[in-house]
Each structure stands twice: as structure tokens, then as C-alpha cells.
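Let me begin by presenting the structure, written as C-alpha cells, before commenting on it.
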Amino acid sequence: MRYLITILIAFVLMVTYSCADTCSIGAKTKILTGRKWKMNSYVDYSVNREMYIATEKYEFYTDGTLLKIKDSDTICEKWEFPECGYLRIDSKTFKIAELSRKIMILRYGETDFIYRVQR
């Protein structure tokens, strides 16, 4: 009986720890602020098309400041992670569909904004 209880407790602990949230806002911040990003397209799923726009450059800083550069205009905005899987830029909250060292895809409604590392 004691052996069965030990196995049951071990199983419950294993399931509990495997379901824990493994998201790291610190790691996401490091990826986001450690490079300069550019966006020149987005996918609008309501019409199922990729749209191209003039390239916009984004620089995220660890103090929560974001510089958006388009042509010769520079706009300063604020950013934060309200939750681990979301990024808020000013008043808009985007779902992070992907964030890696080379690409970032932010989802807003039926639209995916595609950012690539600026070279």
C-alpha cells in the first residue's frame, strides 16, 4: 500500500511540473532588445493575402522604450509584456505567434505582422 501511494504522489508531481508555465519573460526581453527589427509585410487572413509596405525599423530598449523609424520619421512608443505570450505596444496588445533570434510574428485579430532581424 505504501508503495502504491509513493507511485501515485510521484505521478501527480510529475504531471504538475510538466504542465507548469515554462515561459520566460526575461528570455523574451533579451531576444527582443538584443537586435534591431524591420517589418515590411503582414498577412491579412480575412482576405488570405500577404501585404507589403514600406520598411519600418523597430528598436526595443530594456527600459520599455520603442523607437519606430519609417523613412526619416522617428516615433517613440512604450512596450511591455502584460503576460508571457503577449506584447503591448502603446495601447495595442499583440499575441506573440513566434519570437526567435531571426523572426518575430505578432498577431492582432486576423493579421500577422512579420518582423525580421535587420542586417
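Could you please let me know if Glu110 is under 17 Å from Gly34 (Cα atoms), modelled with pLDDT of 95 or more, of a type in the set (Asp, Glu) and surrounded by fewer than 16 Cβ atoms within 10 Å (Cβ to Cβ)?
Spelling it out, it is not the case that Glu110 is under 17 Å from Gly34 (Cα atoms), modelled with pLDDT of 95 or more, of a type in the set (Asp, Glu) and surrounded by fewer than 16 Cβ atoms within 10 Å (Cβ to Cβ).
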Inset, instruction - Of the conditions (1) under 19 Å from Arg107 (Cα atoms); (2) touching a Phe, Trp or Tyr at 6+ places or on another chain (Cβ under 8 Å), Tyr45 clears all except one; give me its number. - result: (2)
Legend entry - 1 or more residues in contact with a Cys (Cβ under 8 Å, 6 or more places away or on another chain): qualifying strands (runs of 3 or more DSSP E) within region 43-119: 65-70
Inset, instruction - Read through the list (1) exposed (fewer than 12 other Cβ atoms within 10 Å of the Cβ); (2) at pLDDT 95 or above, then give the number of the only condition that Asp73 fails. - result: (2)
Legend entry - Verdict on Gly26 being modelled with pLDDT of 60 or more, surrounded by fewer than 10 Cβ atoms within 10 Å (Cβ to Cβ) and under 14 Å from the mean Cα position of the chain (by Cα): yes
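The values are calculated or read from the model by the stated rules, or taken from the named source; none is laboratory data. Fair warning: this is a prediction, and the values are worked out from it, not measured in the lab. Because the Cβ atoms are built from the backbone with ideal geometry, glycine has one as well, and the counts that use them run over all protein chains shown.
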